[in-house]
Structures are given as structure tokens and as C-alpha cells.
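Below is one structure, written out as C-alpha cells, with a few remarks after it.
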Amino acid sequence: MRERTTIARRRCLAGSLLLARPELQEGAFRHTVILMSSHRREGAMGVVLNRPLQRTLGEMDGDYALGPLAGVQVFQGGPVQTDQMILAAWRLQDGGFQLHFGLDPARATALATEENMVVRAFLGYSGWSGGQLENELRRDTWVTTAIPPNLMTHNHDETLWRAVLRTVSWEWKIMADGPDDPGRN
């Protein structure tokens, strides 16, 4: 299991997923699936895919209420700048992943009409200063993985973490299927 994390430290993680390890019990990151949008020497940034707020843009912001983005789901993107709304769009195609991050409303509207494009809104983001994520990876805080081809077939709620973790390896499948509190096994 350690080999995958070691390999991930040597490459850019933008466009991949970070999965909180099962033992990470901190509330903000417990069982999170983070889509990484950037990863550079200066720092890293991503958004949490599995913390839906059960609200749409139209419900949260009157400027969107009657527009084409009114029905876009809003997620808690992370603990940083939670008063900031980030629009993102992505699609899986031809074995690759296309990500548009930090969109203005006009561009998000245009992308929403494209085939297989998913548009989401995030309040806040998950961010790391230079070297911070690499230190967390060395301490085995995260499991890194490529975006699975079936990502869009899963609910993007609390069940997503287990579903994606199961795809990483057979060892992680066992961990994903285990109880939250092994002492209660």
C-alpha cells in the first residue's frame, strides 16, 4: 500500500483524487474524496467531491435563481475560504479527464450544454502551502489515485469515499469495507 503513495509524491497530483485514509478522523477531512485542481511547488489545491450541501446555486444565491445554472448542486469544497463560491466543470472522455476550474458564470453556462459535462459549485476549497501536502503524504494521511472511469456513476455523497477506495487495490477494498471503528468489529 505504501508504494502507491511513494510514487504519487514524485508526480503532479493535479487531475487525480486524494482519498482520506480510514484512520483520518478529523471532521473536515474524514472520508473525503478530493479532486486536485493544482499541485505545484508553491502549494496544492482541490475541492471535496463528496460533501453535498443539499442546495442548488439558485437556492443559495438569488443572482442564479432564474438562470441556466439555478439547478447546479453546491458542495462544501473544503475548509479554506468557505465564503467563496468556485464553479467547476469536468468530464471523462477517451480515457482522459478534462477539468475546468474557477469558471465565470458565462463560461460555466456554456460548458453545461456540452455532452457529458458535469458542472458543480463549491463553497471553499482544500488547500496546502508549499511542501505541506508532500509532508502529509509522507505521513500516510492520503491515498492517491487516478480518477476512475466510473466516477460519474457514483453518488457524490458520503458513499463516494468507499466506492472509490475499493477501486484502488484489493488491500484498500478490505479497508473500505471495514467498520469505521475497528474495535466494534
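Each reported figure results from applying straightforward, stated rules to the coordinates on display, with no laboratory input. Keep in mind that this is a model prediction, so the values were computed, not measured. Glycine gets a Cβ as well: all are built from the backbone with ideal geometry, and neighbour counts include every protein chain shown.
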Ranking Ser126, Ser169, Ser37, Ser16 by Cβ neighbours within 10 Å, fewest first, what do you get?
Ser169, Ser16, Ser37, Ser126
Summing +1 per Lys or Arg and -1 per Asp or Glu among the other residues with Cβ less than 12 Å from Gln98's Cβ gives -2
Can you pull a Stokes-Einstein diffusion coefficient for the range 81-131 at 10 °C (1.306 mPa s), Rh from Kirkwood over Cα pairs, as a whole number of µm²/s?
132
What ranking of Ile174, Ile147, Ile34 emerges when the number of other C-beta atoms within 10 Å of each C-beta is taken as an exposure proxy, fewest first?
Ile174, Ile147, Ile34
Per-residue HN-Hα couplings for the range 58-71 [Karplus 6.51, -1.76, 1.60; θ = phi - 60°; Hz; x = Gly/Pro]
x, 6, 8, 9, x, 5, 9, 3, 10, x, x, 9, 4, x
Computed ³J(HN,Hα) along the range 118-128: with the Karplus parameters 6.51/-1.76/1.60, θ = phi - 60°, integer Hz and x for glycine or proline, the list is 9, 10, 9, 10, 10, 8, x, 8, 9, x, 9
Please give the per residue volume of the convex hull enclosing the alpha carbon atoms of the range 2-184, rounded to a whole number of Å³.
123
So what's the net charge close to Leu49: Lys and Arg +1, Asp and Glu -1, counting the other residues with Cβ under 10 Å from its Cβ?
+1
Who wins for biggest fluctuation among Ala14, Ala70, Ala110 in a Gaussian network model of the chain, springs between alpha carbons below 10 Å?
Ala110
5 angstrom amide H check on Gly78, placed H, neighbours 5+ away:
Val48, Tyr125
With runs of 4+ DSSP H residues as the only contributors, calculate the mean residue ellipticity of the chain at 222 nm using -39,500 (n - 2.57) per run, divided by the residue total and rounded to the nearest 500.
-6500 deg cm²/dmol
Using a 10 Å cut-off around each Cβ, can you sort Val47, Val119, Val80 from fewest to most neighbouring Cβ atoms?
Val80, Val119, Val47
So what J values fall out for the range 156-165 if you push phi through Karplus, 6.51 cos²θ - 1.76 cosθ + 1.60 with θ = phi - 60°, rounded to Hz, Gly and Pro as x?
9, 9, 4, 7, 5, 4, 5, 4, 6, 4
